[in-house]
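Enquirer: This is the structure, below, for whatever I ask next.
The values are calculated or read from the model by the stated rules, or taken from the named source; none is laboratory data. Model, not experiment: these values are computed from the prediction. FYI the Cβ positions are ideal-geometry reconstructions off the backbone, even for glycines, and counts take in every protein chain you see. In case anyone asks, the SASA skips ligands and DNA or RNA and just uses the protein heavy atoms, side chains included. Shrake-Rupley method; radii C 1.70, N 1.55, O 1.52, S 1.80 Å.
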Amino acid sequence: MNDYLLALILGIVEGLTEFLPVSSTAHLRLSEALLHIGLSDGYWKMFSIVIQLGAILCLPVYFWGRIMKFIGYQRGKDSIFIAPFKILLCLIRSLFWSRPVQYTMIAFVVTAIPSFLLTKVIGKHLESIVIMGWSLLIGGVVMWIVDAMRAKAEAAGPVPGSSIHTWKMEEMNLGQSIWIGLCQIFSAVFPGTSRSMSTIAAGQIAAMSRAAALEFSFFVSMPTMAAATLYTLYKSLRGKGENPIGVAQIDAHGWIVLAIGFVVSFIVAYASVAWFMAYVRKRGFAPFAVYRIIVGVLVLVYAAKLA
């Protein structure tokens with residue numbers, strides 16, 4: 001298959017699945033296997049990292065207004081040269097007074113340290129189709145049960161005695177952020193779990209509404225995914241880690257393929273986030289849970305045939 005078409009297809013797959021609770025890692029690995037892309041090839045491993053960066057970049061763009069509100073920045077008459085420095089200063093100051101920013105960073109740290117220490121375990125499991133299949137299946141069941149338990153409370157809204165205590169992200173507490181950070185580790189160790197699924201389900205278990213859990217899931221994914229992806233990309237380009245590829249080894253054709261995947265992933269991910277935010281508020285996560293279960297079963301059947 002033509003490399004440009006491959007880049008287009010994989011960019012679409014990444015953009016569609018990165019922030020939906022269905023596991024982009026599992027879908028990318030399965031797509032690469034079905035399209036006969038060498039999973040051990042250093043270039044295509046790096047390509048997966050680059051298109052993930054494209055998807056990640058859509059979040060600060062989509063939530064720009066919310067982020068500026070949380071850090072207390074008001075542009076006014078700031079020039080394009082002064083604005084970045086003022087934004088950085090506001091971000092640093094917000095670590096001391098803005099609860100949404102504080103809790104996002106706390107959840108990130110709670111996830112990052114154990115995940116870094118478990119790097120070898122994560123690398124060992126990353127290509128396992130069997131683990132992906134079971135993670136998709138079990139995660140789907142968990143998500144379905146948790147969402148069903150909160151369905152009546154969601155429909156009733158914020159009334160006295162409700163089992164949901166946090167209806168907006170701004171209302172969440174320290175315990176909830178630590179709990180979500182801990183649950184996010186599962187997605188790092190077991191590919192197919194989905195970072196989005198683990199954080200959303202964890203938030204709902206901690207008495208957060210669908211909307212609050214979903215929004216915090218997006219916010220905590222920004223530092224978490226950016227740090228993990230940039231670190232992996234750095235190792236690959238520096239010639240370290242498994243199947244590395246240096247910048248000098250990439251020709252003009254390779255750079256164009258990377259650019260196509262990056263741009264397509266960004267555009268599709270942006271549209272996916274916008275749609276997902278609107279859909280979940282009205283219908284919940286049950287359809288995604290069912291999809292996970294079906295795909296998980298199919299993956300396990302496929303893995304059994306390969307054995």
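Enquirer: Please compute the Cα-Cα pair-distance distribution of the range 178-236 with 5 Å bins starting at 0, giving whole percents from short to long.
Expert: Per 5 Å bin, starting at zero, the Cα-Cα P(r) for the range 178-236 comes out as 4, 21, 28, 24, 14, 6, 3, 1, 0 percent.
Enquirer: Can you run the Rg to Rh ratio on the range 38-108? Use alpha carbon positions and the Kirkwood inverse-distance Rh.
Expert: Looking at the range 38-108, the ratio lands at 1.15.
Enquirer: Compute the distance from the alpha-carbon center of the range 263-307 to that of the range 81-111, in whole Å.
Expert: 31 Å
Enquirer: Sticking with this structure for a sec: Explain nothing, just the number: relative contact order of the chain, from Cα pairs under 8 Å at least 6 residues apart, as a whole percent.
Expert: It rounds to 36 percent for the chain.
Enquirer: Simple spin-label model, 7 Å along Cα-to-Cβ: Tyr291 to Tyr4 in nm?
Expert: Reported label-point gap for Tyr291 and Tyr4 is 2.9 nm.
Enquirer: Please give the length that would be gained between Glu170 and Met68 if that part of the chain were fully extended, namely 0.36 nm times their separation in residues minus their C-alpha to C-alpha distance (nm, one decimal).
Expert: So the chain would gain 35.3 nm between Glu170 and Met68.
Enquirer: Relative contact order for the range 130-236: what is it in percent, counting Cα pairs under 8 Å that are at least 6 residues apart?
Expert: 31 percent
Enquirer: Just add up the charged neighbours of Ser98: K/R +1, D/E -1, any other residue whose Cβ is under 15 Å from the Cβ of Ser98.
Expert: The answer is +2.
Enquirer: Moving on to the next point. Can you give the longest stretch of the chain with no exposed loop site, where a site means trypsin sites (Lys or Arg not before Pro) in a DSSP loop (not H, G, I, E or B) with at most 12 other C-beta atoms within 10 Å?
Expert: The answer is 78-237.
Enquirer: Here is a further query. Round to a whole number: what % of the accessible area of the chain belongs to carbon and sulfur, probe 1.4 Å? Could you put the intermediate results ahead of the total?
Expert: Details: 10680 of 14930 Å².
So the carbon and sulfur contribution to the accessible surface is 72 percent.
Enquirer: Provide the gained length on full extension for the span Ile82 to Leu95, in nm with one decimal, where the gain is 0.36 nm per separating residue minus the Cα-Cα distance.
Expert: 2.6 nm is the gain from fully extending Ile82 to Leu95.
Enquirer: Reachable aspartates and glutamates from Lys69, Cα under 14 Å, same-chain residues fewer than 8 places away excluded?
Expert: By straight Cα distance, Lys69 reaches Glu170.
Enquirer: Could you tell me whether the chain comes out rounded, prolate or oblate from its Cα gyration tensor? Rule is a ≥ b ≥ c as square roots of the eigenvalues, rounded for a/c under 1.5, then prolate if a/b exceeds b/c, otherwise oblate.
Expert: Numbers: a/c = 1.79, a/b = 1.18, b/c = 1.52.
Oblate, because a/c is 1.5 or more while a/b does not exceed b/c.
Enquirer: Here are some pairs, Lys86/Lys235; Lys45/Lys282; Lys86/Lys168; which of them have Cα atoms lying more than 29 Å apart in this structure?
Expert: As for pairs spanning more than 29 Å Cα to Cα, those are Lys86/Lys235; Lys45/Lys282.
Enquirer: With every protein chain present, what is the per residue accessible area of the chain (1.4 Å probe, Å²)?
Expert: Here the per-residue accessible area is 49 Å².
Enquirer: Can you tell me the length gained on complete extension of the stretch Tyr234 to Leu34, counting 0.36 nm per residue apart and subtracting the Cα distance?
Expert: In short, 69.2 nm is gained.
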